[in-house]
Each structure stands twice: as C-alpha cells, then as structure tokens.
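What follows is a single structure, written as structure tokens, with notes after it.
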Amino acid sequence: MQPVVTQPVLLPIGHSLGGAAEAAGAVYRVRVGPDVVRMPENRFTIWALAHGSPGDGPVTVDAVLGAAGLPDGGDLLAGLVDDGLLALVGPGADDPVAFARTHRLEPLMLGLGNVADDPDTYEIGLPGQPVARVGAVLYAVFSWGHLENTLWDACRVAAADAPDELADPRRLLDALLDALPALLAPNAARLDRV
C-alpha cells in the first residue's frame with residue numbers, strides 16, 4: 001500500500017559542480033540545463049540537504065529546515081524554489097505530473113545490472129561500488145528515461161512494460177518520487193529542467 005503523503009516532497013534541480021573559496025567566502029556552482037548558478041554556502045546548504053539520505057524516503061521542507069538549522073532557512077528555501085533550483089511536488093504544491101512534464105531524470109552513474117542472488121533488484125553506482133538498489137521498472141527509468149523528452153514521457157514508456165502495480169504511469173511516477181532520495185543522495189542521478 002502506498003503511504004499517505006501529507007506534505008509536498010522537496011526535490012533539488014541541477015548538479016553540483018563544486019565550490020571555490022573567494023574573497024567574499026565560499027561559492028558553490030550548480031549546473032541547471034546549460035546554465036551554471038553560483039550560490040553562497042548557506043543557500044547551497046539548503047539545496048544540498050534537499051537531496052536527502054538513502055533509506056530516509058522523500059525529503060520534506062521540515063526535514064531540510066531542521067537539518068540546516070539556519071535562522072533564515074525558510075527564506076533561503078523559498079528563494080531556491082522561486083529560482084527553479086528546488087521544486088515542491090505534492091499536496092499543496094506542484095502536481096507531480098505537471099512537474100514530470102517539465103523535468104527529466106539524468107543518470108550520473110552506471111547501471112550495474114541485476115543482483116545475482118536477487119534478479120529482481122538492480123544496482124546503480126560504479127563498478128564494484130554500488131550506491132543504490134532499485135526494482136526493474138525504476139531501473140529502466142534510470143537507465144533509459146533520459147532518452148525521452150520528459151520524466152513523464154519516461155514514465156509512460158516504462159509503464160507500458162511494467163507489472164500491474166506500476167503499469168499506470170501516474171503510479172510509476174509516485175514510486176519514482178518515493179525512490180528519488182536513493183538516487184539523488186549519492187549523486188547517482190540528477191533532476192534537470194527540460
């Protein structure tokens with residue numbers, strides 16, 4: 001049974017290119033589409049925490065603000081949402097399908113194939129260093145979804161060959177949103193705007 005979602009999920013958009021020390025302090029760079037956005041450390045902290053931790057499930061605003069412990073954390077988070085570097089998806093925020101129609105999932109690590117002792121589980125990471133395990137359908141979205149125009153298109157294509165519980169693209173999208181921290185936290189994949 002799908003857990004009842006009571007608050008929106010927070011999703012980071014883009015890929016970290018690292019930081020550098022400058023006269024004004026540390027500056028971090030994030031690639032979003034063809035652009036590189038520079039941000040100070042406090043803003044980057046909020047963005048980085050939105051990646052979550054593997055096994056913790058979907059990331060919420062409350063969890064990120066609590067972990068950041070910044071007095072202006074709410075304002076920083078709101079600014080990142082306004083700038084398209086974070087997305088709020090779910091109840092009281094963006095509709096998941098509307099989000100999926102304007103974003104895509106791009107792999108940053110390798111699909112390592114299925115696990116010998118559990119053929120229905122697939123690993124993602126680097127050779128000899130798996131960082132995430134997912135089911136076959138989510139593995140297909142991870143591996144091939146970036147070839148589609150949008151995340152929604154990737155879910156529609158993968159759902160056509162999925163077992164009953166994931167044969168509906170919307171249910172598949174919900175399962176993917178639940179699984180994203182396992183892919184985003186270790187930087188195995190990134191979300192980007194179309």
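Considering amide H positions built from the backbone, and no H for Pro or chain starts, which residues 5 or more places from residue 86, or on another chain, come under 5 Å of its amide H?
13, 81
Rounding to the nearest 20 debye, state how big the charge dipole of region 41-194 is about its Cα centre with +1 on each Lys and Arg Cβ and -1 on each Asp and Glu Cβ.
300
Starting from the Cα-Cα distance between residue 42 and residue 117, subtract it from 0.36 nm times their residue separation and give me the gain in nm to one decimal.
Between residue 42 and residue 117, full extension yields 22.6 nm more.
Which whole-number percentage describes the relative contact order of the chain, with Cα contacts under 8 Å and a sequence gap of 6 or more?
Relative contact order for the chain comes out at 25 percent.
Tell me, in nm to one decimal, what length is gained between residue 101 and residue 78 on full extension, where the rule is 0.36 nm per residue of separation less the Cα-Cα distance?
Roughly 6.1 nm would be gained on extension.
Per Stokes-Einstein, at 10 °C and 1.306 mPa s, what whole-number D in µm² s⁻¹ belongs to the chain, with the Kirkwood radius over Cα pairs as the hydrodynamic radius?
Rounded, D is 92 µm²/s.
Could you give me D for region 24-132, from Stokes-Einstein at 10 °C and 1.306 mPa s, where the hydrodynamic radius is the Kirkwood radius over C-alpha pairs? Units µm² s⁻¹, please.
97
Testing the spin-label approximation: label points 7 Å from Cα along Cα→Cβ at residue 144 and residue 170. State their distance in nm.
Those two pseudo-labels are separated by 2.5 nm.
Could you compute the FRET efficiency for residue 70 and residue 35, with r as their C-beta to C-beta distance and R0 at 22 Å, rounded to 0.05?
0.30
Values quoted throughout were computed directly from the atomic coordinates according to the rules given, and no laboratory measurement underlies them. Please read these numbers as outputs of a predicted model, since none were measured by experiment. Because the Cβ atoms are built from the backbone with ideal geometry, glycine has one as well, and the counts that use them run over all protein chains shown.
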